[in-house]
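Working notes, beginning with the structure itself.
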Amino acid sequence: MQFFDDFLACYGWEGAALAGSMLLLLCVQFHYYIFAYGRIPGYKNSRRAAELDSEPPVSVVVPLFSEDYSFVEERLPLILAQNYPDFEVVIVYVGHDSDFYEELVRLKQSFPQIVTTKIHLDPRFPISRKMALNVGIKSAHHECMVFTSTDAVPQTDRWLALMAKGFTRGEIVVGYCGVERGKGFANYMMRAWRMMHGVDWIARAVRRNPYRGTLHNIGFTKNIYFGSKGFSHLNMNIGEDDLYMQKVMTHDNVSVILSPRATLREKTWGGMRWWMGQLRYYGSAFPFYPQQVKNYIQWELGSRALFFITAACALAVMPFEYKIAALVLVLVRYLLVAIQVRRIARRLGEASMAGCYFVYDLLSPLWAFLLGVMLLRRDDRVWR
């Protein structure tokens, strides 16, 4: 009590409130980075009991919404070259170019594992990704299916084998997809945002509280799909990797695959303006998340922003020794975060991420706030 009385006499109730706020917010941050995110680097999927004796045959389903020759020439061969004994690649072409589709069909002569199907594109009746996936699921010959996109690039020939192994321990398999490496500040921020928002749902999944995956690297069985009567939220063009997953995921049916060899990378088609458009589009599903999931995501961002604000106030207006204490707390937090981010990045195959992470660490709460403001306006691309 004497220490507290001396502290009040020296710094007043304002100083005590500021110190208490900083310590409380620091504890919240420690909870996330030590107890929530800290489980990711050491996670082993093999701890779960196996449900199948061996890796099953797999159908890789890829919706193709344009005459994307770069996918056919560059990224499709990487899928076909996967080191896995029994798989097929189901390509669902949504378009009206008969010549392009015939070229896809001719590929089957060289690659018999290709299965093609076509949905004629009529401007009067837009085709969503969910509709294309539904056709792909019905065209697939195998019970276990892995879904990816034309923009996702496998980094090794072991990606499919690792994802398929997940089916031995669960009917839903989730993997990680980062952003392709490039030069510049915008690319770094995109990569960091993708990694840390992936960490949010991965951390929950490894604790058996899953709520989503990523549309670029996810799998589930036909039993799951038809047992749930197909995709949910059919009035939206999004949601197959989060809103639908929240419908079918349980504590015991999800297998998480974490390995640099199982990581995919998404190609980018623009800078920050393009990226914010993507976040706004897919982020339109966030208001429909369960409240506990929204709280889980917002508490980390909010506690981080408030910690920086209280630290800035202490450094600006408090006496010298108080400033030193506040600076020590900031450095302690940053050291912990840098260590954990480095460990997580290594597990996910995100090299050279920790070096400049403090920039993302500072700016991402503001970025999230701007995104929240953007989400207040209806995005017509989302709704059918």
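The values are calculated or read from the model by the stated rules, or taken from the named source; none is laboratory data. Small disclaimer: the values here were computed from a predicted structure and weren't measured. With ideal geometry, Cβ positions are generated from the backbone for all residues, glycine too; neighbour counts draw on all protein chains shown.
If you filter the range 100-121 down to residues that are free of Cβ contacts under 8 Å to residues at least 12 places away in the same chain and either in contact with a Ser or Thr (Cβ under 6 Å, 6 or more places away or on another chain) or more than 23 Å from Val58 (Cα to Cα) (or both), you find that the one that is surrounded by the fewest Cβ atoms within 10 Å (Cβ to Cβ) is Glu102.
To keep it simple, each residue is scored yes or no on (1) over 28 Å from Tyr43 (Cβ atoms); (2) within 28 Å of the chain's Cα centre (by Cα); (3) hydrophobic (A, V, I, L, M, F, W, C).
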residue	(1), (2), (3)
Cys313	yes, no, yes
Ala338	no, yes, yes
Gly349	no, yes, no
Met353	no, yes, yes
Phe358	no, yes, yes
Ser364	no, yes, no
Leu376	yes, yes, yes
Trp383	yes, yes, yes
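Only one residue in Ile127, Ile79 is in a loop (DSSP other than H, G, I, E, B), of a type in the set (A, V, I, L, M) and surrounded by 15 or more Cβ atoms within 10 Å (Cβ to Cβ), so which one is that? Exactly one of Ile127, Ile79 is in a loop (DSSP other than H, G, I, E, B), of a type in the set (A, V, I, L, M) and surrounded by 15 or more Cβ atoms within 10 Å (Cβ to Cβ), namely Ile127. Total residues in the range 42-67 satisfying the condition of being surrounded by 11 or more Cβ atoms within 10 Å (Cβ to Cβ) and either at pLDDT 90 or above or not in a loop (DSSP other than H, G, I, E, B) (or both): the figure is 12. Of all the listed residues (Gly219, Gly198, Gly213), the sole one being surrounded by 19 or more Cβ atoms within 10 Å (Cβ to Cβ), closer than 26 Å to Ile79 by Cα and over 12 Å from the mean Cα position of the chain (by Cα) is Gly219. Restricting attention to the range 88-107, does a residue exist that is touching a Phe, Trp or Tyr at 6+ places or on another chain (Cβ under 6 Å), under 30 Å from Ala203 (Cα atoms) and modelled with pLDDT of 95 or more? For the range 88-107, residues touching a Phe, Trp or Tyr at 6+ places or on another chain (Cβ under 6 Å), under 30 Å from Ala203 (Cα atoms) and modelled with pLDDT of 95 or more: absent.
Taken over the range 157-171, the criterion of being surrounded by fewer than 19 Cβ atoms within 10 Å (Cβ to Cβ) and not hydrophobic (A, V, I, L, M, F, W, C) is satisfied by Asp157, Arg158. Being surrounded by 20 or more Cβ atoms within 10 Å (Cβ to Cβ) and either without any contact (Cβ under 8 Å) to a residue 40 or more places away in the chain or among the aromatic types (Phe, Trp, Tyr) (or both) is a description that applies to Val89. Filtered by the rule that a residue be over 11 Å from the mean Cα position of the chain (by Cα) and within 16 Å of Ser259 (Cβ to Cβ), the range 201-210 gives Ala205, Val206. Select from the range 135-170 the residues that are part of a helix (DSSP H, G or I) and either among the charged types (D, E, K, R) or within 22 Å of the chain's Cα centre (by Cα) (or both) and list them in ascending order. Hits for the range 135-170 are Lys138, Trp159, Leu160, Ala161, Leu162, Met163, Ala164, Lys165, Gly166.
As a summary of the residue check, Val61 satisfies the conditions (1) of a type in the set (A, V, I, L, M); (2) more than 30 Å from Arg208 (Cβ to Cβ); (3) in contact with a Leu (Cβ under 7 Å, 6 or more places away or on another chain) except for the one numbered (2).
Number of residues in the range 82-116 that are among the aromatic types (Phe, Trp, Tyr) and either under 19 Å from Thr268 (Cα atoms) or in a helix (DSSP H, G or I) (or both): the value is 2. Within the range 281-302, the residues that satisfy the criterion of being surrounded by fewer than 19 Cβ atoms within 10 Å (Cβ to Cβ), over 19 Å from Asn209 (Cβ atoms) and not aromatic (Phe, Trp, Tyr) are Pro287, Gly302.
Looking at the structure I just gave you, is Ala205 of a type outside the set (D, E, K, R), surrounded by fewer than 21 Cβ atoms within 10 Å (Cβ to Cβ) and either modelled with pLDDT under 95 or in a helix (DSSP H, G or I) (or both)?
no
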